[in-house]
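Written below as structure tokens is the structure these notes are about.
The values are calculated or read from the model by the stated rules, or taken from the named source; none is laboratory data. Computed from a prediction, not measured in an experiment: that's the story for all the values here. For neighbour counting, all protein chains shown are included, and Cβ atoms are generated from backbone atoms with ideal geometry for every residue, glycine included. Surface areas here come from the heavy atoms of the whole protein model, side chains and all, with no ligands, DNA or RNA. Shrake-Rupley method; radii C 1.70, N 1.55, O 1.52, S 1.80 Å.
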Amino acid sequence: MTAETTAGQGGVEPSGPWTANVLTLFPEAFPGPLGFSLAGKGLERGLWSLEVLDIRDFARDKHRSVDDAPLGGGPGMVMRPDVVDAAIEAIVDRPGPLVYLTPRGRLLDQALVREFAAGPGLRLLCGRYEGVDQRVLDAREVLEVSVGDFVLSGGEMAALVLLDAVVRLLPGVMGNAESAAEESFEEGLLEHPLFTRPALWQGRQVPEVLLSGHHEKVRRWRRAQAEEVTRLRRPDLWRRYLESRESGEIDEG
Ligand code: SAM
């Protein structure tokens, strides 16, 4: 039996909505938090679609086993290549790159998120145990992606993180398209600090310039703040930002 969650119209046509196909041992983890707020509304409205397959449905032995001991010894279990391959075959005609979520993968960043959002969809393979047999990853030319330098117990949470970041960029999903353009990483900088009413709270006053109504001054203040926080917190981003500024890729603002 196949655990399936579909929303939207059609879902697999290249001309249809952006489509996520997920292979997992825990299909009940989806859509999870993607089922509410902007992503959830987008799913309901057919702005994107989600299909989830249970990898265990592709096991062929009577115990429905999906894993085995690592060859060469060591702790834990490894997901079997034959079972994972059969699951991948079931979504071979679905749109988008085939991504295996793994701490060994390319680190996810906003540039890759944008690239995925610009495509027709994604096929995501969620690992469990110690991971997936290397041969199937090689044979299927899987793109390996990590959501950070830490180890999760399974790929489901990583897939949800990736999907959330991508789906919010799809046309129509976010109410205010401008907010995406002004966020952290869009210009290689972290975002400036944010303030709302009341202007005075527990003796703390918001920066005067934000109450000035002077758009250009506000813009310049925000840019300076974004530069400062990036310089202090993320020397790696700051270095790249300075390089792009020197090469004229981004203006001095
Ligand atoms: N033995 C693996 C290692 O040392 O790289 C870790 C396996 S982890 C316990 C089980 C699964 O969680 C992985 O196969 C992968 O799908 C997922 N996972 C764990 N950490 C992740 C991360 N940082 N990014 C993406 N997926 C991750």
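Rounding to the nearest 10 and keeping the result within 0 to 90°, find how far the Cα-based axis of helix 215-233 lies from the longest principal axis of the chain.
Helix 215-233 sits roughly 50 degrees off the main axis of the chain.
Pull up the DSSP beta bridges for the chain and report the antiparallel fraction as a percent, rounded to 5. Each step should come with its number before you reach the end.
Numbers: 4 of 26 bridges.
So the antiparallel bridges in the chain amount to around 15 percent.
Considering the dipole of the chain built from charges on the beta carbon (Lys and Arg +1, Asp and Glu -1) around the Cα centre, which of Pro207, Gly16, Gly148 is farthest to its positive end?
Farthest along the dipole direction, towards plus: Pro207.
Hey, got a sec? Which chymotrypsin sites (Phe, Trp or Tyr not before Pro) in segment 184-240 land in a DSSP loop and have at most 16 other Cβ atoms within 10 Å? The partial results should precede the final answer.
Numbers: sites: Phe185, Phe195, Trp201, Trp221, Trp238; in loops: Phe185, Phe195.
Counting only loop positions with at most 16 other Cβ atoms within 10 Å, the chymotrypsin sites (Phe, Trp or Tyr not before Pro) in segment 184-240 are Phe185, Phe195.
Where does segment 79-135 land on Rg/Rh, using Cα atoms and the Kirkwood Rh? Kindly include the intermediate steps, with their values, before the conclusion.
On the way: Rg = 12.5 Å, Rh = 12.6 Å.
Result for segment 79-135 is an Rg/Rh of 0.99.
Taking 25 °C and 0.890 mPa s as the conditions, I'd like the Stokes-Einstein D for segment 29-93 in µm²/s, using the Kirkwood hydrodynamic radius from alpha carbon pairs. Walk me through the numbers before you get to the answer.
Working: Rh = 14.4 Å.
Taking Rh from Cα pairs, D becomes 171 µm²/s.
Pop out the ³J(HN,Hα) list for segment 181-195 in order, Karplus 6.51 cos²θ - 1.76 cosθ + 1.60 with θ = phi - 60°, rounded to Hz; leave Gly and Pro as x.
Couplings: 5, 9, 7, 3, 6, 5, 10, x, 10, 6, 6, 5, x, 10, 9 Hz.
Say a site is exposed when it is one of the trypsin sites (Lys or Arg not before Pro), sits in a DSSP loop, and has at most 16 other Cβ atoms within 10 Å; what is then the longest site-free stretch of the chain? Mind showing how you got there, number by number?
Working: sites that count: Arg45, Arg60, Lys62, Arg64.
Value returned for the longest uninterrupted segment is 65-253.
Please compute the alpha carbon radius of gyration of segment 183-246, then divide it by the globular-protein estimate 2.2 N^0.38 Å. Two decimals is fine.
Details: Rg = 13.6 Å, N = 64, 2.2 N^0.38 = 10.7 Å.
This ratio for segment 183-246 stands at 1.27.
Report, to the nearest 10°, how far helix 155-167 tilts away from the longest principal axis of the Cα atoms in the chain, using its own Cα long axis and a range of 0 to 90°.
On a 0 to 90 degree scale, this one is about 50.
Principal axis lengths of segment 18-167 from Cα atoms, whole Å, largest first?
Projected onto the principal axes, the Cα atoms of segment 18-167 cover 46, 33, 25 Å.
Counting only protein heavy atoms, what percent of the accessible surface of the chain is carbon or sulfur at a 1.4 Å probe? Provide the component values of the computation, followed by the final result.
On the way: 7570 of 14510 Å².
In the chain, the share of accessible area belonging to carbon and sulfur is 52 percent.
Non-local amide H neighbours of Glu144 (under 5 Å, H modeled in plane, Pro and chain starts lacking H): which ones?
Answer set, sorted by chain and number: Tyr100, Arg106.
At 222 nm, what helix-only mean residue ellipticity would the chain give, in deg cm²/dmol to the nearest 500, using -39500 (n - 2.57) for each DSSP H run of four or more? Working shown, then result.
On the way: 8 runs with 82 residues, N = 253.
Rounded to the nearest 500, the figure is -9500 deg cm²/dmol.
Could you tell me the extents of segment 85-206's C-alpha atoms along the three principal axes, largest first, rounded to whole Å?
61, 30, 21
Just need the Rg to Rh number for the chain, please, alpha carbons only, Kirkwood Rh. Could the numbers behind the result be given before it?
Details: Rg = 21.8 Å, Rh = 20.6 Å.
Using only Cα positions, Rg/Rh for the chain is 1.06.
Which of the chymotrypsin sites (Phe, Trp or Tyr not before Pro) across segment 80-161 are loop residues per DSSP, with 14 or fewer other Cβ within 10 Å?
On the way: sites: Tyr100, Phe116, Tyr129, Phe150; in loops: Tyr129, Phe150.
Listed in order of number, the matching sites are Phe150.
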